[in-house]
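Please treat every number below as a calculation from the coordinates, not as lab data. This one's a predicted model, so the numbers in the text were calculated from it and none came from an experiment. As a convention, Cβ positions derive from the backbone with ideal geometry for all residues, glycine included, and neighbour counts pool all protein chains shown.
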Amino acid sequence: MNYTIIEHEEFKEYKSLKKEHELKIEVSIIIPSYNKFPQNLLTLYSLEIQNFDSNKMEVLFIDDCSTDETQSILDSFNPDFLFRYLRCKKNVGRSKARNLGINEAKGNILIFLDAEMLVRPDFVKQHYLQQLNSCTLQVITGALFFEGIYSCLYPSFTVDQKSQISKKINKKNELDRRTKSILYQFINDQDITDYIVLLSKKDIMRQKYKGLTFTMHSFGTDLIENFGDDLRGFMFPWMLFLTGNLSLKKELLLNVGLFDENFKFWGYEDWELGYRLSKYGAKFKSSKLLMGYHQEHPVSLNKTNEAAINFRIFLKKYNYEFDLLILILQLTGFATFVEISKCLKDFKRLPVNKYNYIKHLFREVLLELVRQFEMEPTQDTKRFKDKLGISFKEVEIVELKELKEAEQYDTLINLIERIILD
């Protein structure tokens, strides 16, 4: 395949010699990637079988200075659509990588896709049609509806991941003999030192990978069970801004601003932009029709530490707004997002000039949890309770009793007592 190489300040762009002036790009798919080979190539294969006009779509693949075999994609990937490979000259992180893609995008509709997400043949079409029939402020995600898939096997998989693979081997009629043999060897051979690819391009093209999929339980599963597909009544709709599988109009994004590049590590860079969009008036929608398949990979041991750093950046940016501060309860293991949503609803229903001691106490507890979490990111609630050293004063006990008698704030009361009382 022939490429032109254009030098940019931030990256090199390897661009197909397809005649761009003959194309009418309406959809730009932005995929940042760092050391995700060969899963990123399998994702690109799944984009080759879209039932959407290839002349109306482009894929911007941002290689964030990967050190693996990612660049070999240039030798083996030759799609019908416009494919633009941008390689960063140094590792810049998720936010900046996506921003590079946004700035280069030609389409009016932007789709963000994780490098390890396999998608169905109608993926682009569904995003396109739903955006076409929505207002400018609409954000659409399929990230709450996904299944896991073992496309590659890694020696560094966790015990839980290997256990899940073992269950796959024992299920009848789901896998062919060759695949079962490979899985069995992987589970039982301690000397395997390199990854094993289970899926070929042909498998992706024929969608012959369903036997390797499994149902994943995520925070989205709990949200849907409690609030329905449209998350009616959920206090944090901006959490739907999950860049693993999401679309919005470029005009909306440019009006609000791009990803905040102060987020250098893992986590919260997408939710921060979602929060900003929410304040601007954006509407968030989740769609089952956009379901994808997350390719399982080794889990970074630094994720919790990175999340702690980015969460603090998030809080500082918005001056520790209570709607964000309360999320520390999930990070520290005291509550689920479902409970936190109900708690926030209770808190916002409190009379303006009443229960001021309890309001102050709750905020101080949350701030202290943030400080403690920064020092030691963990979900050990007992450790936090021991470190807090906070007990109820007489005036707070009186207010708490009044709250209970009102019989309207059960979740708020339960969480306050869960944190402070033994």
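The table that follows gives values for the structure above.
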{"quantity": "Residue order, fewest to most surrounding Cβ atoms within 10 angstrom, among W238, W266, W271", "calculated": "W266, W238, W271"}
{"quantity": "Low-density loop positions, GluC sites (Glu not before Pro), segment 221-302 - DSSP coil, at most 16 other Cβ in 10 Å", "calculated": "E261"}
{"quantity": "Sum of -39500 (n - 2.57) over DSSP H runs of 4+, divided by residues of the chain (222 nm, nearest 500)", "calculated": "-12500 deg cm²/dmol"}
{"quantity": "Rg in Å to one decimal, and Dmax rounded to a whole Å, for segment 367-422 via C-alpha atoms", "calculated": "13.0, 38"}
{"quantity": "Electrostatic dipole magnitude of the chain [Cβ: Lys, Arg +1; Asp, Glu -1; Cα centre; debye, to 20]", "calculated": "680"}
{"quantity": "Given charges at Cβ of Lys, Arg, Asp, Glu: the chain dipole, positive-most of L223, P79, L44", "calculated": "P79"}
{"quantity": "Along each principal axis, Cα extent of the chain, largest first, Å", "calculated": "76, 53, 38"}
{"quantity": "Globularity index of segment 319-420, i.e. its alpha-carbon radius of gyration over 2.2 N^0.38 Å", "calculated": "1.02"}
{"quantity": "Segment 305-352 shape via C-alpha gyration tensor axes, a/c threshold 1.5", "calculated": "oblate"}
{"quantity": "Ratio Rg/Rh [Cα only; Rh per Kirkwood] for segment 151-298", "calculated": "1.06"}
{"quantity": "Loop-located trypsin sites (Lys or Arg not before Pro) in segment 135-205, at most 12 other Cβ atoms within 10 Å (DSSP)", "calculated": "K171, K172"}
{"quantity": "Under 21 Å, Cα to Cα: Lys pairs in segment 319-420, sequence gap 8 or more or different chains", "calculated": "22"}
{"quantity": "Of K24/K202; K106/K208; K36/K90, pairs whose Cα-Cα distance is over 21 Å", "calculated": "K24/K202; K106/K208"}
{"quantity": "Karplus-derived 3J(HN,Hα), 6.51/-1.76/1.60, for each residue of segment 391-402, Hz, glycine and proline x", "calculated": "10, 6, 7, 4, 5, 6, 4, 4, 5, 5, 5, 5"}
{"quantity": "Segment 283-333 and segment 36-65: distance between their alpha carbon centers, rounded to Å", "calculated": "26"}
{"quantity": "Kirkwood-type radius of segment 211-253, with distances r between different C-alpha atoms, in Å", "calculated": "12.5"}
{"quantity": "Segment 214-284: trypsin sites (Lys or Arg not before Pro) in DSSP loop, at most 12 other beta carbons within 10 Å", "calculated": "R232"}
